[in-house]
Amino acid sequence: MKHPAVVVLGIAGLLLAGCGTDARTDATADYLTPGVKVAVSALTDEELHEKAFLDYVRREHPDLQFMKGDQIITIAMSFCRMYDQGGAAQDASSLIRAGDATGSYTTEELRTISGAGVASFCPQHVNKFRQEMAMQQELTLR
């Protein structure tokens, strides 16, 4: 029988050989599921969140593809700030009407931006926003 130290070193060598670089341990991590590559994003969580918001808004209103994303996010965040500062449902209507008056966005676009923005960036205010939309529908039906 070989010396115990030689056996231990041999086992350690085998284990360390398995710890070397593997062509499959790159950023695509294709070894997780054979044939499926998983891309690793360079975006932060916040950027991914904003991208998902913008993708939704632009899918609902294709004309917004040409508007700056930062501008759309700023509008959405203005609804969050309004609610954070104690704004009431009527204040949201005022913001939508004011934005519509500029001619840059339609009322429907602003409703989508505000609704998706509240749901995405300040979900604690979703109930206030829903109340606003319900009140607007009641006024429209009258």
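Computed quantities for the displayed model
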{"read-out": "When residues of region 102-118 are limited to those that are surrounded by fewer than 16 Cβ atoms within 10 Å (Cβ to Cβ) and not β-branched (Val, Ile, Thr), the one modelled with the lowest pLDDT", "value": "GLY103"}
{"read-out": "Some residue of region 91-101 being farther than 18 Å from MET135 by Cα and either touching a strand residue (DSSP E or B) at 6+ places or on another chain (Cβ under 6 Å) or modelled with pLDDT of 85 or more (or both)", "value": "no"}
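The values are calculated or read from the model by the stated rules, or taken from the named source; none is laboratory data. Remember, it's a predicted structure, so these values are computed and weren't measured experimentally. FYI the Cβ positions are ideal-geometry reconstructions off the backbone, even for glycines, and counts take in every protein chain you see.
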